[in-house]
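Report on one structure; see the data block that follows.
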Amino acid sequence: MDALYTAEVKVLGGREGSIESSDGNLKHKLTMPKELGGAGGEGTNPEQLFAAGYGACFESALANVARKEKVKLEGVEVNSQVTIGKDEADGGFQLSVQLDVKIPNLDKSQAQELLHKAHEFCPYSKATRGNIVVKLNAVD
């Protein structure tokens, strides 16, 4: 891989600590969701951060694929859901992702085809392929 950019984030205190990027643009308190046994409250968590990153990257990959296919996209919305649950295999945890993508100017079958092509192109999709379940849904 020919590296173009490296993000660097310092994490202190794990899921109930804080994060800060080396450039200072990302700085958040982390809180454990009540559903995972934490107190909840103000702050974000790794699943929200992963959902944001994956959704943003996927939408950009979709735009790239559409441009190559000469398909004009307007008003695209990506609802990215990252779920954490128990891994029956080892008693630990595992993730799954669902991307619900609204592409107003395309019929559902054409939109679904573009989603699959974007999934082949997206770096997040490449990183997770074969490791977690990722569901792609074209929605109205």
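Points to keep in mind about this one:
- Of all DSSP beta bridges in region 79-140, antiparallel share, percent nearest 5: 55
- Sum of side-chain charges, residue 95 neighbourhood, beta-carbon under 12 Å (Lys, Arg +1; Asp, Glu -1): -1
- Folded to 0 to 90 degrees: helix 108-121 orientation relative to the chain principal axis, Cα: 60
- Per-pair calculated FRET efficiency, R0 = 41 Å: residue 137 and residue 4 via Cβ, rounded to 0.05: 0.85
- Sulfur and carbon atoms: percent of accessible area, the chain [1.4 Å]: 51
- Computed across region 66-140, the Kirkwood hydrodynamic radius from all distinct Cα-Cα pairs reaches 13.6 Å.
- Nearest-ten-degree value, helix 46-68 long axis tilted from longest Cα axis of the chain: 20
- Exposed GluC sites (Glu not before Pro) absent - longest run of the chain, DSSP non-H/G/I/E/B, at most 15 other C-beta within 10 Å: 89-140
- A 1.4 Å probe run over the protein chains yields, for the chain, 66 Å² of accessible area per residue, whole-number rounding.
- Where trypsin sites (Lys or Arg not before Pro) fall in DSSP loop in region 44-115, at most 16 other Cβ within 10 Å: 70, 72
- Over the C-alpha trace of region 57-96, radius of gyration and Dmax come out as 16.4, 47 angstrom.
- Dipole moment magnitude, nearest 20 debye, region 13-140 about Cα centre, only Lys, Arg, Asp, Glu C-beta charged: 340
- Pair-distance distribution P(r) for region 1-128, from all Cα-Cα distances in 5 Å bins starting at 0: 2, 9, 15, 18, 16, 16, 12, 8, 3, 0 percent.
- Heavy-atom accessible area order for 32, 1, largest first, 1.4 Å probe: 1, 32
The values are calculated or read from the model by the stated rules, or taken from the named source; none is laboratory data. Only a predicted model underlies this, so the values are computations on that prediction, with no experimental measurement involved. Quick reminder, even Gly has a Cβ in these numbers, built from the backbone with ideal geometry, and neighbours come from all protein chains shown. These accessible areas exclude ligands, DNA and RNA; they are computed on the full protein's heavy atoms, side chains included. Shrake-Rupley method; radii C 1.70, N 1.55, O 1.52, S 1.80 Å.
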